[in-house]
Amino acid sequence: MQLIDGKAISAEIKQEIAREVEQIIASGKKRPHLAAILVGHDGGSETYVANKVKSCHEVGFESTLIRFEDNVPETELLQKVDELNNNPDIDGFIVQLPLPKHISENKIIEAIDYKKDVDGFHPINTGRLLKGMPCFISATPYGIMELLKRYNIETVGKHCVVLGRSNIVGRPVSVLMSLKGNPGDATVTVCHSKTHNLKEVCRSADIIIAAIGIPEFLKADMVGEGAIVIDVGTTRVPSDKTKSGFKLKGDVDFEQVAPKCSYISPVPGGVGLMTIVALLKNTLLAAKKEIYL
Ligand SMILES: NC(=O)c1ccc[n+]([C@@H]2O[C@H](COP(=O)([O-])OP(=O)(O)OC[C@H]3O[C@@H](n4cnc5c(N)ncnc54)[C@H](OP(=O)(O)O)[C@@H]3O)[C@@H](O)[C@H]2O)c1
């Protein structure tokens, strides 16, 4: 069994990005600039955004964090989105999800200029993804594909089972795995809460990508010998062993499943770290105008 080391790969990619930033600055151009809008004080969102800001500094990006309280009117948020769309110094920006109930996430996402949509959630980017056209690929699926690529994991002709069909992970990663290319060219089965015979479907997989959000859902008897398992799940569970009072659990029962795998990604230390570098990569692409002019 080989561990897929998201920590090592993400550090390697950050170094690559930092080198590119140095070249950009040396050529007299401005630093890539990522902005993040954070609404409210959700613990998970606070942590994600803090990590994104920290990572920006590590690679030499400029970053701006814009905060609103939970009760911000939708119109005010839309106004800020419009302002960022029109600010030439901002190359890309994200609105950290989830948003409070009174705000329509779809409305906010659609208001973002797709050329600055480095989260890849705008319908133009998701539509282009479906067609295999250049676009901002949402960060977690992008990170997963990069891990497969950097570990030279063969996906062509393989049966890939994706657990989960969310707009941010399951569906886009299932599309990427089915598109032409390597990684890609896989035969993909997408499973969800209504799937029958989940155990049998999973057992027939060469590659399982688990993104459902139920800690240790995938057990050893659901995995065939030699399978490749990518664990996307990150559920906070209470813990008296950590300072924060919680720890992150993946969707895979790692202890049981790992011995059966040829490759497996751990939680933490797997996909999560790749998600952040994928966002940095998208911001770099936006700054270099490599996807859209
Ligand atoms: N590492 C990272 O950077 C990162 C990024 C994003 C998300 N995540 C984590 O990944 C996990 C999934 O996130 P998400 O946003 O994709 O979740 P989500 O929107 O809640 O979607 C969960 C998906 O799992 C399916 N599902 C739920 N119970 C199931 C069951 N018993 N059997 C089969 N499928 C089942 C759901 O099916 P239905 O569609 O039928 O309801 C849904 O499609 C979460 O733990 C999240 O925290 C991690």
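Residues of the stretch 271-293 with the amide nitrogen closer than 11 Å to a label point 7 Å from the Cα of Lys29, along Cα-to-Cβ, please.
284-291
Placing +1 on the Cβ of each Lys and Arg and -1 on the Cβ of each Asp and Glu in the chain, which of Ile24, Thr75, Ile212 has its Cα farthest towards the positive end of the resulting dipole?
Among Ile24, Thr75, Ile212, the one farthest towards the positive end of the dipole of the chain is Ile24.
If you count only protein heavy atoms with a 1.4 Å probe, what accessible area per residue comes out for the chain, rounded to a whole Å²?
Values: 14020 Å² over 293 residues.
Here the per-residue accessible area is 48 Å².
Going by accessible area, probe 1.4 Å, with all protein chains left in place, what is the ranking of Tyr292, Tyr263, largest first? Display every interim value, and only then the final one.
Details: Tyr292 25, Tyr263 50 Å².
The ordering from most to least exposed comes out as Tyr263, Tyr292.
Considering only the stretch 183-293, what is the antiparallel percent among its DSSP beta bridges, to the nearest 5? Spell out each step's value before the answer.
Numbers: 4 of 12 bridges.
Taking every DSSP beta bridge with both residues in the stretch 183-293, the antiparallel ones total about 35 percent.
With a cut-off of 8 Å between alpha carbons and a minimum separation of six or more residues, what is the relative contact order of the chain in percent?
Result for the chain is 21 percent.
At 1.4 Å probe size, put Asp82, Asp117 in order of accessible surface, largest to smallest.
Values: Asp82 85, Asp117 5 Å².
Listed by decreasing accessible area, they come as Asp82, Asp117.
List the lysines whose Cα lies under 16 Å from the Cα of Lys180, skipping any in the same chain that are fewer than 8 positions away.
Lys131, Lys149, Lys158
Students often forget the sequence filter, so: which lysines lie under 18 Å Cα-Cα from Lys247 once same-chain residues fewer than 8 apart are removed?
The reachable lysines, counting only those whose Cα sits under 18 Å from Lys247, are Lys7.
If I take R0 = 25 Å and measure r between the Cβ atoms of Lys243 and Leu97 in this structure, what FRET efficiency does the formula 1/(1 + (r/R0)^6) give, to the nearest 0.05? All intermediate terms of the calculation are to be shown ahead of the outcome.
Working: r = 26 Å, r/R0 = 1.06.
The calculated FRET efficiency here is 0.40.
How do Phe136, Phe121 rank by accessible surface area computed with a 1.4 Å probe, from largest to smallest?
Details: Phe136 5, Phe121 50 Å².
Listed by decreasing accessible area, they come as Phe121, Phe136.
Out of all DSSP beta bridges with both ends in the chain, state the antiparallel percent to the nearest 5. Working shown, then result.
Details: 4 of 35 bridges.
If I count the DSSP bridges inside the chain, around 10 percent turn out antiparallel.
Multiply the residue gap between Glu12 and Thr64 by 0.36 nm, knock off their C-alpha separation, and tell me the result in nm, one decimal place. Don't jump to the answer; show the numbers that get you there.
Values: separation 52, 0.36 × 52 = 18.72 nm, distance 2.43 nm.
Result: 16.3 nm gained on full extension.
Expressed as a whole percentage, what fraction of the accessible surface of the chain belongs to carbon and sulfur atoms when a 1.4 Å probe is rolled over the protein heavy atoms? Spell out each step's value before the answer.
Values: 7360 of 14020 Å².
Reported share for carbon and sulfur atoms: 52 percent.
Of the listed peptides 20-32, 217-229, what is their order by residue-averaged count of other C-beta atoms within 10 Å, with the highest listed first? Please list the in-between numbers first.
Working: 20-32: 13.4, 217-229: 18.8.
Ranking the peptides 20-32, 217-229 by packing returns 217-229, 20-32.
So what J values fall out for the stretch 126-143 if you push phi through Karplus, 6.51 cos²θ - 1.76 cosθ + 1.60 with θ = phi - 60°, rounded to Hz, Gly and Pro as x?
With coefficients 6.51, -1.76 and 1.60, one gets 5, x, 5, 4, 4, 8, x, 8, x, 6, 7, 8, 4, 4, 5, x, 4, x Hz.
If amide hydrogens are placed 1.01 Å from N in the peptide plane, which non-local residues have theirs closer than 5 Å to the one on Ala227?
Here Ser262 satisfy the definition.
Which residue fluctuates the most in the chain, going by a Gaussian network model with Cα springs under 10 Å, if the choices are Glu105, Glu62, Glu255?
Sorting by GNM fluctuation, first place goes to Glu255.
The values are calculated or read from the model by the stated rules, or taken from the named source; none is laboratory data. Since the model is a prediction, treat every value here as computed from it, not as a measurement. Positions of Cβ are backbone-derived with ideal geometry, glycine not excepted, and every protein chain shown enters the neighbour counts. Quick note on the areas: whole protein, heavy atoms, side chains included, nothing else; ligands and nucleic acids left out. Shrake-Rupley method; radii C 1.70, N 1.55, O 1.52, S 1.80 Å.
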